Amino acid sequence: MNPQEDWNQLFVNPQHYTSTQALPDPATLKIYDTTLRDGEQMPGVALSPKQKYLIAQEVSRLGCHVVDLCFPTVSPSEHELLRLVCEGRRKGEIRKDLEILVMCRANPRDVDSTIDIVTRAGMSLDEVTFLLFTSGSGLHVKYKLGPMLLKREGLEAADVGDLPLSFFHAANRKMIDEVTRYAVDRGVTRIEFGVEDASRTPLDLLIDVARAAIDAGARRYVFADTTGSLTPEATRYYCSGLTAAFPGIERATHFHDDFGLATINTITGILSGFNVFTTTINGLGERAGNAPLHCVVAALKYLYGLEIPGFHYERLQVAKQLVENLTGIPVQAKEPVIGRNVYSHESGIHTHGVGIFRCMYEPIPYEEVGGNTRFVYGKHSGSASLLTLLRERQQEIGCPVDSEFAREVLEAIKELRNAVGAELEPSSFIRQYYENLDRLGLSEEEVVALAQTVARRYTRV
């Protein structure tokens, strides 16, 4: 059925409220995927180089612009991943225009080691972006980096508590200036700079340390909400301030989802001048995860009218299933955009409505994001959708189908559903889920038992 009226006469399009804002050209936006590095930091997730390569291929197929590949100095397995990606680019399995990014700490030793690993993998330095990072907040700079910064300044670590925050900020600024210049001198041509816990750092201090890195050669700044503590108001304050301070370089957001605000904060960052945004497939990541790719791109497209050229929205379900299968971390059935149940209907009111126009109850066309629609029959089912189904399958059923017949079938459905519900033990499904989740990592007791085994071998040597 097609309506006689224009769609905009039948309901208020959400873009009616957002189109009046100063929206960026979607062609200028870049999706920065960090599933392979930050996403893997989710407790219990451990991916082999070959598994990571499969995800890197999917990131490429989706149409993302940047892939945060790894932290090479942390694990030898990351060296193999770099080699696989280098080989995959030559074979055409990874897009040549997909920016490859690696992470390293802000010290010359890490820079040297990362350069060595990258070149041994077969990549030239101008093919790879180096993310150099430090910390920003006084909490991090004084009490996490403090002993190292004191050592750099030739002081004793015992002096940490006696010195003011200004000392540690100045030492941190000096360190990032020196290491950025060192990386440039070593031939690194693409440098991104990031500050951990930036969202809890005073803006003037954040700008000061970022300016040191940018003046030394960094060409992109990534603003990290490490604890997921930003509100949209705070995001606007920081991102607008950073945009005004650094209009000539790329600016990227990196937001966590501890309060469920990573999606709206990412969009707020975009509306405040940031053209690059970090996400993960399925929202994977430490604690509550990172900004979910599917939520951000769908909200931009359907609520703001910002459809990113070259991005394959229809592959979101493929990407979801791949990452679920490789990590063992399932997406909730009610997860926006990609959840199994978000295009399913049982309620009679809803099934009747979507049978007329799907947009009555579905704000996202399921086929555009690779989803599947289905009707589920049970306690809340109505007779309208059931009658349609029975008439479509009348030949298989073997008798005439009318409204009275449909009502009898509906009563039988509800009786069966109540009987099945009485026999099911949902708590056992939940228990099994958490048991499987626990098996993805090692508990403290398991680590102690493993250490005892190692100790027995150790004492025999």
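All Cα-Cα distances of the chain, cut into 20 Å bins from zero to the largest, leave 20, 48, 25, 7, 0 percent in each bin in turn. Taking amide H as placed 1.01 Å from N in the peptide plane, the amide H of residue 250 sits under 5 Å from that of 221, each at least 5 places away or on another chain. For the stretch 303-394, would you read off the P(r) tail past 21 Å as a percentage of all alpha carbon pairs? Summing the P(r) tail past 21 Å for the stretch 303-394 gives 43 percent. Counting only GluC sites (Glu not before Pro) that sit in a DSSP loop (anything but H, G, I, E, B) with at most 16 other Cβ atoms within 10 Å, what is the longest stretch of the chain containing none of them? That would be 308-461. The angle separating the long axis of helix 165-185 from the principal Cα axis of greatest extent in the chain is about 90 degrees. Stokes-Einstein diffusion for the stretch 270-329, with the hydrodynamic radius set to the Kirkwood value over Cα pairs and evaluated at 25 °C in a medium of 0.890 mPa s, equals 195 µm²/s. Computed from the C-beta positions of residue 432 and residue 11 and an R0 of 35 Å, the FRET efficiency is 0.25 to the nearest 0.05.
Solvent-accessible area assigned to carbon and sulfur over the chain amounts to 54 percent, based on a 1.4 Å probe. Here the average projected area of the convex hull drawn through the C-alpha atoms of the stretch 1-97 stands at 11.1 nm².
With all projection directions averaged, the alpha carbon convex hull of the stretch 107-207 covers 6.8 nm². Counting lysine pairs in the chain that sit 8 or more residues apart in sequence, or on different chains, and whose Cα atoms lie under 18 Å apart gives 13.
Excluding ligands, DNA and RNA, the accessible surface per residue across the chain is 50 Å² with a 1.4 Å probe.
For the stretch 312-335 versus the stretch 374-402, the inter-centroid distance based on Cα atoms is 31 Å. Quick one: helix 293-304 against the long Cα principal axis of the chain, what's the angle to the nearest 10°, folded into 0 to 90? Taking Cα atoms only, the helix is inclined about 70 degrees. Taking amide hydrogens as placed 1.01 Å from N in the peptide plane, the amide H of residue 190 sits under 5 Å from those of 130, each at least 5 positions away in sequence or on another chain. For the stretch 350-367, putting each phi into the Karplus relation 6.51 cos²θ - 1.76 cosθ + 1.60 with θ = phi - 60° gives couplings of 6, 4, 5, x, 5, x, 7, 9, 4, 5, 4, 10, 10, x, 10, x, 4, 5 Hz, in residue order, rounded to whole numbers and with x for Gly and Pro. Multiplying the residue separation of residue 119 and residue 449 by 0.36 nm and removing their Cα-Cα distance gives an extension gain of 114.8 nm. Scanning the chain for trypsin sites (Lys or Arg not before Pro) that sit in a DSSP loop and have at most 11 other Cβ atoms within 10 Å, the longest stretch containing none of them is 97-333.
Angle of helix 77-91 to the longest C-alpha principal axis of the chain, folded into 0 to 90 degrees and rounded to 10: 70°.
The values are calculated or read from the model by the stated rules, or taken from the named source; none is laboratory data. As the structure is a prediction and not an experimental result, all values here were calculated from the model. Heads up, the Cβs are rebuilt from the backbone with ideal geometry, glycines too, and the neighbour counts pull from every protein chain shown. When the accessible area is computed, the model is the full protein with side chains, heavy atoms only, and any ligands, DNA or RNA have been set aside. Shrake-Rupley method; radii C 1.70, N 1.55, O 1.52, S 1.80 Å.
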